[in-house]
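Nothing in this text is a laboratory measurement; each read-out follows from the coordinates by a stated rule. The structure presented is a predicted model; accordingly, all values stated were derived computationally and were not measured. FYI the Cβ positions are ideal-geometry reconstructions off the backbone, even for glycines, and counts take in every protein chain you see.
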Amino acid sequence: MLGIVDLPLFIGAVFLLNVTPGPDTAYIVGRSVAQGRAAGVMSSLGVSAGCCVHALATAFGLTAVLAASPVAFTAIKYAGGAYLAWLGLKLLWSSWRTSARGAGAAAQAPATDRRSLRALFMQGFLTNVLNPKVILFFVSFIPQFVDPRAGQQTLAFLALGAIMVAMSTVWTVAVAWMAGTLTRRAGEAPRLKCWLDRVIGMAFIGLGARLAMTQR
């Protein structure tokens, strides 16, 4: 069908990949823990939108070009690493500023979070799009399930990409919801929230450094 081969194997592999923790999952859980369920869910949707970009780029051959270009690959990995580190520093700065201002400032944080859902979506989107590991994954994984002799390879890539994005979205939204639910009481404890922001901020900086050191 559409040049797709071993579809059940593909679905099983995507399921296993989803339940195996990775940078996207760590980012989404971090947002949920630090800022609540809504932040985690919007971050998850942003990551899924980034996966859509990778799926389209793979279908039309752009991902292979980026993966084969040392200059482009290096630029993307450094941009992605710097962006994650910047998000981590923002969280650290926010936690220190909130701690200095006291509990009154912390109590206002949930309203700010609600107004910044669009920003959270874009941040999730950029962390995924600028992740060179995702580029390498798409260019090496999906082609294994497309018949090279098929006449409609582009449709096959698009169909497989859509299946992968749909499955990943269901999983990451569920993870974000559960993580946010388990930690929503943090919003009622300003000091705990400050420390969570600091831990998550340091984790983002670590993820950024790891991303910048990604090898092709």
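Give me Rg over Rh for region 121-187, both radii from the alpha carbons and Rh done the Kirkwood way, two decimal places.
Numbers: Rg = 16.2 Å, Rh = 14.4 Å.
Using only Cα positions, Rg/Rh for region 121-187 is 1.13.
Averaged across orientations, what area in nm² does the convex hull of the alpha carbons in the chain project?
Values: hull surface 46.2 nm².
Spelled out: convex hull of the Cα atoms, projected over all directions, averaged, 11.5 nm².
Which order, highest average first, do 54-61, 148-155 follow once you tally other Cβ atoms within 10 Å for each residue and take the mean per peptide? Write down the numbers at each step before the final one.
Values: 54-61: 19.1, 148-155: 13.2.
Highest to lowest by the protection proxy: 54-61, 148-155.
Find which of 96, 82, 203 sits farthest along the positive direction of the dipole of the chain, computed with +1 on the beta-carbon of Lys and Arg, -1 on that of Asp and Glu, about the Cα centre.
Projecting each Cα onto the dipole axis, the largest value belongs to 96.
If we count every other residue with Cβ under 12 angstrom of residue 22's Cβ, Lys/Arg +1 and Asp/Glu -1, where does the sum land?
It works out to a net charge of +1.
How much length would be gained if the chain were fully extended between residue 96 and residue 19, taking 0.36 nm per residue of separation minus their Cα-Cα distance, in nm to one decimal?
Working: separation 77, 0.36 × 77 = 27.72 nm, distance 3.38 nm.
Gain in length upon complete extension: 24.3 nm.
Rounded to the nearest 20 Debye, what is the dipole magnitude of the chain about its Cα centre when Lys and Arg each give +1 and Asp and Glu each give -1 at the C-beta? Don't skip to the answer; put the middle values down first.
Working: 18 positive and 6 negative charges, 179 e Å.
It comes to approximately 860 debye.
What nm distance separates the two modelled labels at residue 64 and residue 5, each placed 7 Å from Cα along Cα→Cβ?
1.5 nm
When the helices in the chain are scored as -39500 (n - 2.57) per DSSP H run of 4 or longer and the sum is shared across all residues, what 222 nm value do you end up with, to the nearest 500 deg cm²/dmol? Let's see the in-between values first.
Numbers: 11 runs with 177 residues, N = 216.
Counting only the DSSP helices, I get -27000 deg cm²/dmol.
Give me Rg over Rh for region 1-87, both radii from the alpha carbons and Rh done the Kirkwood way, two decimal places.
Working: Rg = 15.7 Å, Rh = 15.3 Å.
Answer for region 1-87: 1.03.
Given H placed 1.01 Å from N in the peptide plane, which residues other than close sequence neighbours of residue 146 have an amide H under 5 Å from its amide H?
Residues meeting the amide H criterion: 5.
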